[in-house]
Amino acid sequence: MPDRTTTVATLRESMARFVAERDWQPFHSPKNLAMALVAEAAELMEHFLWIDADASYALVREPAQRQAVADEIADAAGVIFALCNALDLDLSDAVASKMARNVLKYPVEKCRGRYRVEEEGRY
């Protein structure tokens with residue numbers, strides 16, 4: 001199921017089936033899923049803890065480490081799909097809307113090559 005041919009809807013449906021088969025809906029409140037997302041993000045961060053940027057790229061060139069990182073990313077994405085299902089939120093619409101606001105907030109001519117904004121509206 002590569003990205004080029006798999007829709008967000010397909011992934012959400014897969015997660016919905018997984019949750020329904022296990023009767024986990026009672027546990028999938030927005031609060032619980034948001035907390036689960038943070039936990040999954042922390043598991044992903046553990047792979048890169050205490051190493052520099054170059055080492056982080058090198059780490060994922062090793063097949064077993066790459067798979068472990070991919071598994072954590074998949075876990076985090078799964079929780080995001082479950083949260084969208086619980087909230088009946090369209091992920092593609094949410095991302096597109098947020099990107100449109102980001103384009104305005106971080107104009108290329110003021111942000112290219114910069115990693116931080118000093119204050120809102122000032123670069």
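The values are calculated or read from the model by the stated rules, or taken from the named source; none is laboratory data. Please read these numbers as outputs of a predicted model, since none were measured by experiment. A quick note on method: Cβ atoms are made from the backbone with ideal geometry, for glycine too, and the neighbour counts reach across all protein chains shown.
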Exercise for the section: Just need a number here: residues in the stretch 25-54 that are among the hydrophobic types (A, V, I, L, M, F, W, C) and farther than 23 Å from Ala70 by Cβ. Expected result: 1
Fill in the blank from the handout: All-but-one check, Leu104 against (1) under 16 Å from the mean Cα position of the chain (by Cα); (2) exposed (fewer than 11 other Cβ atoms within 10 Å of the Cβ), failing number (1)
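I'd like to check which helices (runs of 4 or more DSSP H) are fully inside the stretch 1-119 and have at least 1 residues that are modelled with pLDDT of 95 or more. Break it down stepwise before answering.
Values: elements: 8-21, 30-46, 53-59, 63-87, 91-105, 108-111.
Once the helices (runs of 4 or more DSSP H) in the stretch 1-119 are filtered for at least 1 residues that are modelled with pLDDT of 95 or more, what remains is 8-21, 30-46, 53-59, 63-87, 91-105.
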Completion exercise
Every listed condition ((1) within 20 Å of Asp3 (Cβ to Cβ); (2) small (Gly, Ala, Ser); (3) in contact (Cβ under 8 Å) with a residue 40 or more places away in the chain) holds for Ser29 save (1)
Exercise for the section: Restrict the check to the stretch 109-120 and report whether at least one residue is out of contact with any Gly (no Cβ under 8 Å at 6 or more places or on another chain), touching a residue at least 24 places away in the same chain (Cβ under 8 Å) and surrounded by 11 or more Cβ atoms within 10 Å (Cβ to Cβ). Expected result: no
